[in-house]
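So the structure is just underneath, and the comments pick up after that.
All of the numbers you see were taken from the coordinates with simple rules; none came from a lab. None of these values were measured; they are calculated from a predicted model. Because the Cβ atoms are built from the backbone with ideal geometry, glycine has one as well, and the counts that use them run over all protein chains shown.
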Amino acid sequence: MIVLEALFKLTYGMYIASSKKNNRFNGCIVNSVFQLTPDPLMVGMSLNKKSLTNDYITDSNVFGVSILSQNAPMSFIGKFGFRSGRDTNKFEQVNSQIGRTGVPIILDNTICFIEAKVTQTIDLVTHTLFIAKIVASQPIDRHGEPMTYAYYRDVKQGKTPEIAATYVAVKSKSQLGKKYD
């Protein structure tokens, strides 16, 4: 038996993944970034294949991860999480810098960043798992608290887009706890 509500107990962070393609930048909200190994320093990141940022990372083999602060306003999260870079320049009026790999690093509402070079990709049907070696990282706000997905969902009352790895269709209370095969 699988009770989907149990997945809400897994711990996730809230991040902006960013990358480049030719002379363009894009970024999106992700919550599946995790350290894989300490030596070499490697991370994994899951990203929906429909995401423009997925295309940019696949093309450039580099990405940045800006770790969001708990204080990040919902309007800022929405800019990167509920809009497509196909229709809007997400970096307009956003404080950022170009990192060592050439990807944009978001400085607004973040506590630190990581830059990484992709070493391997794994096809997860709807998502791509990028495995990457960290090439740079730096704190931005040493006193800020990282935003967790639980904080975003429970305190900020944030929603999850359907293409997110953690999206679960809302079920009625009578359906929670039913078997799902």
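Listed values, structure above:
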{"item": "Choice from Val94, Val30, Val135 showing the highest fluctuation, given a GNM over the chain with Cα pairs closer than 10 Å", "result": "Val94"}
{"item": "Asn95-Val155 FRET efficiency (beta carbon distance; Förster radius 25 Å; 0.05 resolution)", "result": "0.55"}
{"item": "Selected from Ile105, Ile57, Ile140 as most flexible by GNM, with the chain as the system and alpha-carbon contacts under 10 Å", "result": "Ile140"}
{"item": "3J(HN,Hα) from dihedral phi, the stretch 79-87, Karplus parametrisation 6.51/-1.76/1.60, rounded to Hz, x for glycine, proline", "result": "4, 9, x, 10, 10, 9, x, 6, 10"}
{"item": "Two-site label geometry, Lys117 and Lys9: point separation in nm, points 7 Å out along Cα→Cβ", "result": "4.2"}
{"item": "25 Å Cα-Cα threshold exceeded, pairs from Lys79/Lys133; Lys21/Lys156; Lys50/Lys79", "result": "Lys79/Lys133; Lys21/Lys156"}
{"item": "Net charge dipole size for the stretch 4-154 [Lys, Arg +1 and Asp, Glu -1 on Cβ; Debye, nearest 20]", "result": "320"}
